[in-house]
Amino acid sequence: MNINGINSQTRAMDSQNSANTGVKESPSASSVQSFNQAMGNEKSAQTENTASSQTSGGQSCNQGNMDSQLQELKDLLTQLAQMLTQMLQGGQTGGSPQEASKTGGSGDSKSHGGSTPNGENGGIRPVEGSGPGGSAGSNELVPLPQDNLQTLNLGGKQVTVGGDGTGNASAAEVQATANTIQNLYNNSPSFRNMIDSSSDPSFTVSVGRRDDNTSWGNTTGKVFMNLNNVNPGNNDAFQSLLGHEFAHASIDLGHGSQMEQVETAVAQEA
């Protein structure tokens, strides 16, 4: 038997059957590889498009959050600027609870000023300065003590007393002023309470003479005692004057009925 002949015939018949039934030959290895590569490129492109879309959305979201935070920061800075402006103009209207307690609850911005002894009745006449809220103006400034310095310790708070540098107050007058302040703290509960409850950690008191006869106290714990028409010492006029100016300097009390009560109480108690 011719095996090769049979095989040749069989292959010829198989080829004819394939042609008749429409069955195609399997694709070559190179064709399969090309198809897979094309599919891979398409998937890669889709992945890149998705990632790009997600990134764009994330950036948009982050930009929105940043814009919102910047707007909040701008609003806070605006509020802070307004508060600082109000403070520089002489205090906030209404004031915080702490400020309200220091001004007797009135919120009055005139929480500092001056005074002069009234020779007619022995009382004190309030003086409004030319500065903000009635405080000392540019020609009425409260100088720091510069000569014949005395240091007091009032309840743990340092009080420095001295001449204003003009030479218009003697060492004896500076000493008498310091002694009177110490006496008021020791013997007047009203005066002592002002010092102890004040938010100021220390005080300065300068002593001198000016033609306007006006003494000054301001909210930063500074006092100027004008000796032009009053003698320093434990007399009612000088004690009332000290009580008045320290009420300005320690508890930021403004002029009015409360100030008059403080002046009277300090002089009577000491």
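Conditions tested, residue by residue: (1) in contact with a helix residue (DSSP H, G or I) (Cβ under 9 Å, 6 or more places away or on another chain); (2) modelled with pLDDT of 95 or more.
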residue	(1), (2)
158	no, yes
163	yes, yes
174	no, yes
203	yes, yes
219	yes, no
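Looking across the stretch 225-240 at every residue that is out of contact with any Asp or Glu (no Cβ under 8 Å at 6 or more places or on another chain) and either part of a helix (DSSP H, G or I) or under 17 Å from residue 204 (Cα atoms) (or both), the one that is most open to solvent (accessible area, probe 1.4 Å) is identified as 236. Looking only at the stretch 175-187, residues that are surrounded by 20 or more Cβ atoms within 10 Å (Cβ to Cβ) and within 35 Å of the chain's Cα centre (by Cα) come to 4 in all.
Residue pairs whose Cβ atoms lie under 8 Å apart, sitting 6 or more positions apart in sequence or on different chains, and linking a residue in the stretch 133-150 that is aliphatic (A, V, I, L, M) to a partner that is modelled with pLDDT of 95 or more and surrounded by fewer than 19 Cβ atoms within 10 Å (Cβ to Cβ), are 149/160.
Scanning the stretch 140-161 for residues that are in contact with a Pro (Cβ under 9 Å, 6 or more places away or on another chain) and either within 10 Å of residue 208 (Cβ to Cβ) or charged (D, E, K, R) (or both) yields a single hit, 157. Restricting the stretch 188-212 to residues that are open to solvent by less than 40 Å² (accessible area, probe 1.4 Å) and in a loop (DSSP other than H, G, I, E, B) leaves a set whose member that is nearest to residue 242 (Cα to Cα) is 188. Working only within the stretch 198-223, note down all residues that are touching a residue at least 24 places away in the same chain (Cβ under 8 Å), out of contact with any strand residue (DSSP E or B) (no Cβ under 6 Å at 6 or more places or on another chain) and closer than 14 Å to residue 169 by Cα. Across the stretch 198-223, the qualifying residues are 208, 209. Looking across the stretch 159-174 at every residue that is in contact with a Ser or Thr (Cβ under 6 Å, 6 or more places away or on another chain) and crowded, with 22+ Cβ neighbours inside 10 Å, the one that is farthest from residue 250 (Cα to Cα) is identified as 164.
Residues that are of a type outside the set (S, T, N, Q) and in contact with a Gly (Cβ under 6 Å, 6 or more places away or on another chain) are absent from the stretch 178-190.
The values are calculated or read from the model by the stated rules, or taken from the named source; none is laboratory data. Remember, it's a predicted structure, so these values are computed and weren't measured experimentally. So basically every Cβ, Gly included, is an ideal-geometry build from the backbone, and we count neighbours across all protein chains shown. Remember, those area values only see protein heavy atoms, side chains included, never the ligands or the DNA or RNA. Shrake-Rupley method; radii C 1.70, N 1.55, O 1.52, S 1.80 Å.
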